[in-house]
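A.B. asks: I have a structure I would like to understand better, so I am pasting it below and will then ask my questions one at a time.
The values are calculated or read from the model by the stated rules, or taken from the named source; none is laboratory data. Quick caveat, the model's predicted, so the values are computed rather than measured. Here the Cβ is made from the backbone with ideal geometry for all residues, glycine too, and neighbour counts use every protein chain on show. Ligands, DNA and RNA are stripped out before the accessible areas are found, and what is left, the full protein with its side chains, is counted by its heavy atoms. Shrake-Rupley method; radii C 1.70, N 1.55, O 1.52, S 1.80 Å.
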Amino acid sequence: MKTYVARRLLALIPVILVVATVAFVLIHLAPGDPASIIAGPDASPDDVARIQRQLGLDAPFHVQLFRWYGRLARGDLGQSIFLRRPVLEAIVDRAEPTILLTLYATLIAVTLGVPAGVVAARHHDGTADLLGLLLILIFSVRLGWFPVAGYVPLESGWLGTLRSLTLPAFALGVVQSALIARIARSAMLDVLREPFITAGRARGLSERAVVYKHALKNAMIPTITVIGISLAILISGSVIVEQVFNIPGLGRLIISAVLRRDYPVIQGVVLCIAGIYMLVNLAVDLSYVVFDPRIRYQ
C-alpha cells in the first residue's frame, strides 16, 4: 500500500507540470494584460510598456515560462499583481469557505443520493420523485430561516458558518444527489441479482440484512467513484455559487483575477484546484480497499 501511494504521489509531479504549462500558455494567449488595466484606458503606449517592464511581462514568452517553473520548484506561486501579496497567502485566506461549502454540499449529495438510490433499487417497479427535495430550498428562502447571501467565518462560531452555507450547499448538493442516486440505484440492482443475494434470502436472512449489510457494501465501489467525481464537480460549481451568494472563497478570487488579468493568482488557483482533483482521485482509489477486501495495491 505504501509503495502504491508513493508511486501515485510521484505521478502527480508530471501532471502538475502539464497543468501549470497549459494554464500559463492559455492565460498569456488570452487578449489583454494586467499592465493595460493598471495603466488605465487613457494611458499611452509608453506608460503600458513601462508597467510591463516593472512586472516582467516584457520578457520573451519562454523566459517567463521558465521563471514560472523555477518559482514552482521552490514552492512559490508568485506575487499577486493587484492584491500586493503572495498568491499562496491569498489562496489560503480564501480557501476556508470554498472547502467547507464543497464538503457540506458533498455531505448533502451523499446523504440524499445514496439512501434514495437504495430505496429506488428496492422498489424499482414503483415511482420516486426526487424533485420534492428542491422544495427545501424554496421553503427555506421563503421562510427566511437562512441568510440570502454572505459568509460567517468559523472563528465567529460554527453554527453561524453552518447557517450561512446551508442554502449554497443545497444549491450545489441537491443536483449532484440525483446523479449519485442514479448510480447507487443501478449498482444496487446489479448486486441484488447476484447469486449470493438469492442464497442469503434462502437462508432466511431478513431483507434489511440482505440489502444493507451485504448488497449495499458491494454496490459502494461504483457509488464511491461517482461521489469522487461529484466532489470535483462541486469544487468547480462553487465558483458560480460563491458569486450568487456573495461568499468570499476561491471562486470569487479567481473570477476577480480573470477580470483584472492577475496572471499569478489565476495560475495559482488553477494549480491548487488541479492538485485537489488528483488527491481526491487517489483517496477514492484507496477507499476501494475498505469496501472490497479483495482489492490489494502493491
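A.B. asks: Right, Gly70: exposed (fewer than 12 other Cβ atoms within 10 Å of the Cβ), modelled with pLDDT of 85 or more and over 23 Å from the mean Cα position of the chain (by Cα) or not?
C.D. replies: yes
A.B. asks: Further, regarding this structure: Answer yes if at least one residue in the stretch 89-109 is open to solvent by 30 Å² or more (accessible area, probe 1.4 Å) and out of contact with any helix residue (DSSP H, G or I) (no Cβ under 9 Å at 6 or more places or on another chain), and no otherwise.
C.D. replies: yes
A.B. asks: From Ser236, Ser186, Ser230, Ser177, grab the single residue that is polar (S, T, N, Q), closer than 18 Å to Ala283 by Cα and either in a helix (DSSP H, G or I) or at pLDDT below 80 (or both).
C.D. replies: It is Ser230.
A.B. asks: Filter the stretch 2-31 for residues that are surrounded by 11 or more Cβ atoms within 10 Å (Cβ to Cβ) and either aromatic (Phe, Trp, Tyr) or part of a loop (DSSP other than H, G, I, E, B) (or both); which is nearest to the chain's Cα centre (by Cα)?
C.D. replies: Among residues in the stretch 2-31 that are surrounded by 11 or more Cβ atoms within 10 Å (Cβ to Cβ) and either aromatic (Phe, Trp, Tyr) or part of a loop (DSSP other than H, G, I, E, B) (or both), the one nearest to the chain's Cα centre (by Cα) is Phe24.
A.B. asks: Condition first: free of Cβ contacts under 8 Å to residues at least 40 places away in the same chain and within 32 Å of the chain's Cα centre (by Cα). Now tell me which residues in the stretch 32-56 satisfy that.
C.D. replies: Matches in the stretch 32-56: Ala35, Leu55.
A.B. asks: Please enumerate the residues belonging to the stretch 49-67 that are part of a loop (DSSP other than H, G, I, E, B) and either surrounded by 15 or more Cβ atoms within 10 Å (Cβ to Cβ) or of a type in the set (Asp, Glu) (or both).
C.D. replies: Hits for the stretch 49-67 are Leu57, Asp58.
A.B. asks: Check off (1) touching a Leu at 6+ places or on another chain (Cβ under 8 Å); (2) at positive phi for Asn246 and give me the number that stays unchecked.
C.D. replies: (1)
A.B. asks: Are any residues in the stretch 1-51 among the polar types (S, T, N, Q) and either in contact with a Phe, Trp or Tyr (Cβ under 6 Å, 6 or more places away or on another chain) or under 21 Å from Leu77 (Cβ atoms) (or both), and if so, which ones? Break it down stepwise before answering.
C.D. replies: In the first step, residues of the stretch 1-51 are kept if they are among the polar types (S, T, N, Q); the result is 3, 21, 36, 44.
Thr21, the sole residue that qualifies.
A.B. asks: Cβ-Cβ below 7 Å, separation at least six or inter-chain, first residue in the stretch 272-298 and outside any helix (DSSP H, G or I), second surrounded by 13 or more Cβ atoms within 10 Å (Cβ to Cβ): which pairs?
C.D. replies: Listed by first residue and then by second, the contacts come to Asp292/Ile221; Ile295/Tyr288; Ile295/Val289; Tyr297/Tyr4; Gln298/Tyr4.
A.B. asks: Which members of the stretch 251-263 meet the condition of being part of a helix (DSSP H, G or I) and open to solvent by 20 Å² or more (accessible area, probe 1.4 Å)?
C.D. replies: Arg252, Ile254, Ile255, Ser256, Val258, Leu259, Arg260
A.B. asks: Here's another thing I want to ask about it. Tell me, please, whether a residue that is open to solvent by 30 Å² or more (accessible area, probe 1.4 Å) and closer than 26 Å to Ala23 by Cα can be found in the stretch 215-231.
C.D. replies: Checking the stretch 215-231: at least one residue is open to solvent by 30 Å² or more (accessible area, probe 1.4 Å) and closer than 26 Å to Ala23 by Cα.
A.B. asks: When both residues are 6+ apart or on different chains and their Cβ atoms are under 6 Å apart, which pairs have a first residue that lies in the stretch 156-168 and is in contact (Cβ under 8 Å) with a residue 12 or more places away in the chain and on the phi < 0 side of the Ramachandran plot, and a second that is open to solvent by 30 Å² or more (accessible area, probe 1.4 Å) and of a type in the set (Val, Ile, Thr)?
C.D. replies: Cβ pairs passing all conditions: Thr161/Val152; Ser164/Val152.
A.B. asks: Here's something else I'd like to know. What are the residues in the stretch 73-88 that are part of a loop (DSSP other than H, G, I, E, B), open to solvent by 50 Å² or more (accessible area, probe 1.4 Å) and either in contact (Cβ under 8 Å) with a residue 60 or more places away in the chain or at negative phi (or both), if any?
C.D. replies: Taking the stretch 73-88 as the starting set, the residues that turn out to be part of a loop (DSSP other than H, G, I, E, B) are 74-78, 80-85.
Filter once more, so that each one left must be open to solvent by 50 Å² or more (accessible area, probe 1.4 Å): 74-76, 82-85.
Selection gives Arg74, Asp76, Phe82, Leu83, Arg85.
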